[in-house]
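K.L.:
Handing you this structure, nothing more for now.
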Amino acid sequence: MTEVFNEANEELFELEKNWLVLRQKLKAQFGKAPDLNAVLMLIGIRELGSVKEKFSKEEKQDLMHVAVCKLLSSEGHYIFSHTDADGWPHYESNKKIPALNLKEQDELLKRKIVAYFEAL
């Protein structure tokens with residue numbers, strides 16, 4: 001039992017370390033260490049392939065949605081469907097996402113974000 005707990009703690013420690021390193025790299029590039037939502041927006045903008053001076057509140061939500069779909073597509077939860085006439089990527093739900101509490105959701109997204117940037 002203690003071994004499982006220690007392994008879980010080590011994994012969480014490693015995740016938080018990698019998350020901090022990524023945030024520091026982004027801070028060096030953008031001048032401010034982004035939070036989880038800001039990193040999701042960056043991924044959404046990258047996946048959109050288009051940068052604007054200012055995005056509307058709805059566009060920001062859409063960017064974060066695109067990012068989450070892209071990140072969770074690696075586990076088959078979403079499948080890229082098409083790019084619409086305005087250049088926005090669309091995904092279809094493919095596999096149910098297990099119920100997670102907020103802490104578990106954050107950990108999953110951080111894990112996927114770290115992997116996303118490592119693959120670049």
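The values are calculated or read from the model by the stated rules, or taken from the named source; none is laboratory data. As the structure is a prediction and not an experimental result, all values here were calculated from the model. Reconstructed Cβ throughout: ideal geometry from the backbone, glycine too, with neighbour counts over all protein chains shown. Protein only, heavy atoms only, side chains kept; ligands, DNA and RNA dropped before computing areas. Shrake-Rupley method; radii C 1.70, N 1.55, O 1.52, S 1.80 Å.
K.L.:
Only helical DSSP H runs with n ≥ 4 go in: add -39500 (n - 2.57) per run for the chain, normalise by residue count and round the 222 nm mean residue ellipticity to 500 deg cm²/dmol. Walk me through the numbers before you get to the answer.
P.N.:
Values: 4 runs with 76 residues, N = 120.
Rounded to the nearest 500, it is -21500 deg cm²/dmol.
K.L.:
Right, next: For the stretch 2-72, with every protein chain kept in place, what is the accessible area per residue (1.4 Å probe, Å²)?
P.N.:
Values: 4870 Å² over 71 residues.
Heavy-atom SASA per residue in the stretch 2-72 reads 69 Å².
K.L.:
Considering amide H positions built from the backbone, and no H for Pro or chain starts, which residues 5 or more places from Ser81, or on another chain, come under 5 Å of its amide H?
P.N.:
His90, Tyr91, Glu92
K.L.:
Net charge near Val66, counting Lys/Arg +1 and Asp/Glu -1 over other residues with Cβ under 14 Å of its Cβ? Before the final figure, lay out each step's value.
P.N.:
Values: positive: Arg46, Lys60, Lys70, Lys112; negative: Glu47, Glu58, Glu59, Asp62, Asp84, Asp86, Glu92.
Around Val66, the charge tally is -3.
K.L.:
Counting Lys and Arg as +1 and Asp and Glu as -1, each charge on the Cβ, what is the dipole of the chain about the Cα centre in debye, to the nearest 20?
P.N.:
My answer is approximately 460 debye.
K.L.:
Work out from phi, with θ = phi - 60° and the Karplus expression 6.51 cos²θ - 1.76 cosθ + 1.60, the ³J(HN,Hα) of each residue of the stretch 45-54, listed in order in whole Hz, and give x for Gly and Pro.
P.N.:
5, 4, 5, 5, x, 8, 10, 10, 4, 9
K.L.:
Normalised by the residues of the chain, what does the relative contact order come to in percent, with Cα pairs under 8 Å and at least six apart? If you can, show how the numbers build up before the last one.
P.N.:
Values: 92 pairs, mean separation 24.3, N = 120.
It rounds to 20 percent for the chain.
K.L.:
A further question on this structure: Running Debye on the chain with equal point scatterers at the Cα sites and no solvent, what base-10 log of I(q)/I(0) appears at q = 0.11, 0.13, 0.21 Å⁻¹?
P.N.:
Each listed q maps to, in turn, -0.42, -0.58, -1.31.
K.L.:
Please label the shape of the stretch 37-107 as rounded, prolate or oblate, based on the square roots a ≥ b ≥ c of the eigenvalues of the alpha-carbon gyration tensor (a/c under 1.5 means rounded; beyond that, a/b larger than b/c means prolate, else oblate).
P.N.:
oblate
K.L.:
Per residue of the stretch 93-101, in order, report the coupling 6.51 cos²θ - 1.76 cosθ + 1.60 (Karplus, θ = phi - 60°) as ³J(HN,Hα) in whole Hz, putting x for Gly and Pro.
P.N.:
Karplus-based 3J(HN,Hα) across the stretch 93-101 equals 5, 10, 9, 4, 8, x, 5, 10, 6 Hz.
K.L.:
So what J values fall out for the stretch 16-30 if you push phi through Karplus, 6.51 cos²θ - 1.76 cosθ + 1.60 with θ = phi - 60°, rounded to Hz, Gly and Pro as x?
P.N.:
5, 5, 5, 5, 5, 4, 4, 4, 5, 5, 5, 4, 4, 7, 10
K.L.:
Sorted by mean Cβ packing within 10 Å, highest first, what order do the peptides 10-17, 63-70, 110-117 take?
P.N.:
In descending order of packing, they fall as 63-70, 110-117, 10-17.
K.L.:
Also, quick follow-up: Enumerate the whole-percent occupancy of each 5 Å bin, from 0 to the last occupied one, for all C-alpha pair distances of the stretch 74-120.
P.N.:
5, 18, 16, 23, 23, 11, 4, 0
K.L.:
What is the distance, in nm, between label points placed 7 Å from the Cα along the Cα-to-Cβ direction at Lys52 and at His65?
P.N.:
About 1.5 nm separates the two model spin labels.
K.L.:
Another question, if that's okay. Rank Gly87, Leu72, Tyr116 by how far each Cα sits towards the positive end of the charge dipole of the chain (+1 on Lys, Arg Cβ; -1 on Asp, Glu Cβ) and give me just the farthest.
P.N.:
Gly87
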